[in-house]
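Undergrad: Here it is, the structure, as structure tokens.
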Amino acid sequence: MGTLNPVILSKESVEWLNGYIRSKEMIEVDARGFSCPIPVVKTTQALDGHPGKPVIVLVDSEVARENVSRLARSRGYLVKVESALDGYRLQLTR
């Protein structure tokens, strides 16, 4: 195995990299235990507060899953739905 050479980054490069990482952080909305329209309201707040960032929404009913999915698609997000033991996990990305 070869040795690893350290990489030295400029201050500007480090700042850019940190900003890039922050821009890709996922926002999580836990709307389990709430009936509609609360999951939609909470998701709307997350989307408005963090435009363009990926959002994970946790819901525990089919109605909330469908309503949140409809909201996200209407705003140009792709929706990936996964079943979980306690409901659904929706990943909203652009």
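The values are calculated or read from the model by the stated rules, or taken from the named source; none is laboratory data. Just so you know, these numbers come straight off a predicted model, no measurement behind them. We place every Cβ from the backbone using ideal geometry, glycine too, and count neighbours over all the protein chains shown. Just the protein is used for accessible areas: all its heavy atoms, side chains included, with ligands, DNA and RNA removed. Shrake-Rupley method; radii C 1.70, N 1.55, O 1.52, S 1.80 Å.
Undergrad: Kindly evaluate Gly2 against the criterion of being modelled with pLDDT of 95 or more, out of contact with any strand residue (DSSP E or B) (no Cβ under 6 Å at 6 or more places or on another chain) and surrounded by fewer than 14 Cβ atoms within 10 Å (Cβ to Cβ).
TA: Considered against the rule, which asks whether it is modelled with pLDDT of 95 or more, out of contact with any strand residue (DSSP E or B) (no Cβ under 6 Å at 6 or more places or on another chain) and surrounded by fewer than 14 Cβ atoms within 10 Å (Cβ to Cβ), Gly2 comes out as no.
Undergrad: Cβ contacts < 6 Å: first residue under 16 Å from Glu66 (Cα atoms), restricted to segment 23-44; second residue open to solvent by 40 Å² or more (accessible area, probe 1.4 Å), any location; separation 6+ or different chain. Result?
TA: From residues that are under 16 Å from Glu66 (Cα atoms), the pairs are Val29/Lys42; Ala31/Lys42; Arg32/Asp60; Cys36/Val63; Cys36/Asn67; Val40/Asn67.
Undergrad: Same structure again: Among the residues of segment 58-92, what is the count of those that are in contact with a helix residue (DSSP H, G or I) (Cβ under 9 Å, 6 or more places away or on another chain) and touching a residue at least 40 places away in the same chain (Cβ under 8 Å)?
TA: 2
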